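Step one of this worksheet: look at the structure below.
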Amino acid sequence: MNNSVGNTARLIGAGLRALLVLTVLCGVLYPLAITGIAQAAFPTKANGSEIKDATGKTVGSSLIGQSYGDDLRWFQGRPAAGLGKNTLNTQYELLVSGATNKAADSPELLKSVQEAKAKALLDNTVPGWTPRLSDIPADAVTSSGSGLDPNISPAYADLQIHRVAQRNGLPVAAVEKLVADHTEGRTLGFMGEPRVNVLELNTALKAIAQK
């Protein structure tokens, strides 16, 4: 009997010691080590790819697109037709990201594309500059798979240059240079497509517009 109690006590003691050691190793030291490596090697990515304005204030993440509504002073991102309201947890105003899942021949999708084309033409027509229907790229009238795409094509950015310049009282050449400076090429030279991050572009635009 005494041997049985003693063995049980030893097993419990060994289990508690193993729990303590593993908790310290896996729950404290390992996370701290990984966090330290991430902060040292990839600080921007480790902190959520934050974008800061000229004052040092965080204005968002380069990975998540933002809506600028109908404020045409700013470059607009892709339509967010795939976003929906959260219907499960209604305590918070959360958005559910996703694609529209509409077929290419869907009457609703075709209608939304035509409406988006008409709006793009209207919004970007300014005195001395009238875009052509052929100037409107696909990403100006269709949403991405997530609805939260932070990037637009250089063609869509170019379409908006004259309107943004006129609305902010800036020379067209200055806005053209801004777009060129914020245009990224294909990853490793061959993957993906050239792109412009809308939040980064608008953050830089705000800085020069305030000057």
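The values are calculated or read from the model by the stated rules, or taken from the named source; none is laboratory data. Remember, it's a predicted structure, so these values are computed and weren't measured experimentally. For neighbour counting, all protein chains shown are included, and Cβ atoms are generated from backbone atoms with ideal geometry for every residue, glycine included.
Some values worked out for this structure:
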| read-out | value |
| --- | --- |
| Those residues of segment 135-145 which are of a type outside the set (A, V, I, L, M, F, W, C) and modelled with pLDDT of 90 or more, in sequence order | Asp135, Pro137, Asp139, Thr142 |
| Subset of segment 63-84 (residues that are at pLDDT below 80 and out of contact with any strand residue (DSSP E or B) (no Cβ under 7 Å at 6 or more places or on another chain)) | Ala81, Gly82 |
| Breaking point among (1) modelled with pLDDT of 90 or more; (2) on the phi > 0 side of the Ramachandran plot; (3) buried (at least 18 other Cβ atoms within 10 Å of the Cβ), for Asn197 | (2) |
| Test set (1) under 28 Å from Gly48 (Cβ atoms); (2) part of a loop (DSSP other than H, G, I, E, B); (3) not small (Gly, Ala, Ser) - Pro131 fails condition number | (1) |
| Residue satisfying all of: in segment 161-178; of a type in the set (Val, Ile, Thr) and either out of contact with any helix residue (DSSP H, G or I) (no Cβ under 6 Å at 6 or more places or on another chain) or without any contact (Cβ under 8 Å) to a residue 40 or more places away in the chain (or both); nearest to Thr142 (Cα to Cα) among these | Ile161 |
| Selected residue (only one of Ala157, Ala118 is part of a helix (DSSP H, G or I) and in contact with a His (Cβ under 9 Å, 6 or more places away or on another chain)) | Ala157 |
| Test result for Val5, farther than 30 Å from Leu201 by Cα, loosely packed, with under 11 Cβ neighbours inside 10 Å and over 27 Å from the mean Cα position of the chain (by Cα) | yes |
| Long-range neighbours under 9 Å by Cβ, at least six apart or interchain, first residue closer than 19 Å to Asp123 by Cα and in the same structural domain as Leu110 (by TED's automatic domain parsing) within segment 143-160, second polar (S, T, N, Q) and assigned to a loop (DSSP other than H, G, I, E, B) | Ser143/Thr100; Ile152/Gln76; Tyr156/Gln76; Leu159/Asn124; Gln160/Gln76; Gln160/Asn124 |
